[in-house]
Amino acid sequence: MTDDKCAREITWAGGTHTFTLADRWVQRVISWRGINGFAPPACLARFEAGSYTADDVERVIELGLLGGGVAERDVEILLNDHVRGRPLGPNVIIASGILAALLVGADNAGA
């Protein structure tokens, strides 16, 4: 595991993966485009209000995996196999936890 205080190790998609939105490259992407146009706190508020989209869920997981060091081709495989066209519920929990970890740190982000 990294010393990134926002990184979370999550057992998901048949393995344990590191997710972080605090990676420098991911932070640059977020500063340019947001997460589907929303700043991370606004995106988390959408999750908390239940007004997220399937694209929000996918993008947070995608950026979190990339930030955690997963190769882009492997991220695409994981998204195709475990996010795209799948029920949102389990992945909403993952995505909201990744966002919360960015804002309050992984130790304070809950499940």
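Residues in the chain average 53 Å² of solvent-accessible surface per residue, probe 1.4 Å, ligands and nucleic acids excluded. What you get for the range 1-94, charging only the Cβ of Lys and Arg (+1) and of Asp and Glu (-1), is a dipole of about 200 debye around the Cα centre. Surface composition of the range 7-111: carbon plus sulfur atoms contribute 51% of the solvent-accessible area (1.4 Å probe, protein chains only, all chains present). Once label points are set 7 Å from the Cα along Cα→Cβ at both T16 and L103, what is their separation, rounded to one decimal in nm? Roughly 2.8 nm, to one decimal. The calculated Kirkwood hydrodynamic radius for the range 1-78 is 12.9 Å, given to one decimal from all distinct C-alpha pairs. Sorting S31, S96, S51 by solvent-accessible area of protein heavy atoms yields S31, S51, S96, largest first, with a 1.4 Å probe.
When only the Cβ of Lys, Arg, Asp and Glu is charged (+1, +1, -1, -1), the dipole of the range 49-111 relative to its Cα centre reaches about 120 debye. Shown is the FRET efficiency for A42 and K5, computed with R0 = 35 Å from the Cβ-Cβ distance and rounded to the nearest 0.05: 0.95.
Just how large is the dipole of the range 8-58 about the Cα centre, in debye to the nearest 20, putting +1 at every Lys and Arg Cβ and -1 at every Asp and Glu Cβ? Walk me through the numbers before you get to the answer.
Working: 5 positive and 6 negative charges, 45 e Å.
Dipole size: approximately 220 debye.
Pop the C-beta distance of R24 and D55 into the FRET formula with R0 = 25 Å and round what comes out to the nearest 0.05.
0.55
Kirkwood radius and radius of gyration were both taken over the C-alpha atoms of the range 49-111, and their ratio Rg/Rh is 0.96.
The values are calculated or read from the model by the stated rules, or taken from the named source; none is laboratory data. Since we're looking at a predicted model, the values are computed, not measured. Please note: Cβ atoms are built from the backbone with ideal geometry, for glycine as well, and neighbour counts cover all protein chains shown. Accessible surface areas use protein heavy atoms only, side chains included; no ligands, DNA or RNA. Shrake-Rupley method; radii C 1.70, N 1.55, O 1.52, S 1.80 Å.
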